1. Which distance in nm do the two modelled labels at S31 and K76 give, with both placed 7 Å along the Cα-to-Cβ direction?
2. Return the long-range amide H neighbours of N29 (sequence gap of 5 or more, or a different chain), with a cut-off of under 5 Å between placed amide H atoms.
3. Using a 1.4 angstrom probe on the protein heavy atoms only, could you order S96, S107, S74 from most to least accessible area?
4. Below 8 Å, C-alpha to C-alpha, sequence gap of six or more: please give me the relative contact order for the range 61-127 in percent.
5. Quick check: with the 1.4 Å probe, what order do K131, K60, K125, K83 take by accessible area, largest first?
6. Kindly write out, for the range 98-111 in residue order, the coupling ³J(HN,Hα) from the Karplus curve 6.51 cos²θ - 1.76 cosθ + 1.60 (θ = phi - 60°), rounded to whole Hz, with x marking Gly and Pro.
7. Accessible area of V26, 1.4 Å probe, to the nearest 10 Å²?
8. Sort largest first and round to whole Å: the equivalent ellipsoid semi-axes of the range 65-131, each the square root of five times a Cα gyration tensor eigenvalue.
Amino acid sequence: MKYILVACSILFGISHAYAETFNRTVPANKSSTIGANATYNRGTCLGSIIPTFKITKAPKHGKVTFKQATFKLSEKAGRCASKTVKGTAIYYRPNSGYRGKDTFKISYKYIRDDHSGRQVYNVDKYNINIK
């Protein structure tokens, strides 16, 4: 039992899971950028390894695609704001003629770039309103 508790505490120490929900409104019959993600080192403001994204729950009324892109970090990046990094842009295209609501989930994981070696696993949910 003692070894199981040690193994669990080590596992929880190296892996963190996060989930976030995003609400987006997009036009019908058109592909739209609905999100972007980049990992970077907060100390150096340099970009890190680009995570691999997966669709964990597909949309019923459209298609999700990912494309590597270069963009500036937002003000949420603190002192790294406006620094240019490579990351992943998330696109959603509704089925032709569809208007209404759709939802999907994506996941990605990466190793924190803070020398801790901790792995972070994210699952993001997108609620889409197509007008």
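1. Reported label-point gap for S31 and K76 is 2.4 nm.
2. Those lying under 5 Å, H to H, from N29 are G97, Y98.
3. Largest accessible area first, the list is S96, S74, S107.
4. 28 percent
5. K60, K131, K83, K125
6. These are the phi-based 3J(HN,Hα) values: 7, 9, x, 10, 8, 8, 7, 10, 10, 9, 7, 9, 7, 8 Hz.
7. About 10 Å², ignoring ligands and nucleic acids.
8. On the way: eigenvalues 167, 54, 24 Å².
Each semi-axis is √(5λ); the values are 29, 16, 11 Å.
The values are calculated or read from the model by the stated rules, or taken from the named source; none is laboratory data. No experiment lies behind these values; they were computed from the predicted model shown. A quick note on method: Cβ atoms are made from the backbone with ideal geometry, for glycine too, and the neighbour counts reach across all protein chains shown. Just the protein is used for accessible areas: all its heavy atoms, side chains included, with ligands, DNA and RNA removed. Shrake-Rupley method; radii C 1.70, N 1.55, O 1.52, S 1.80 Å.
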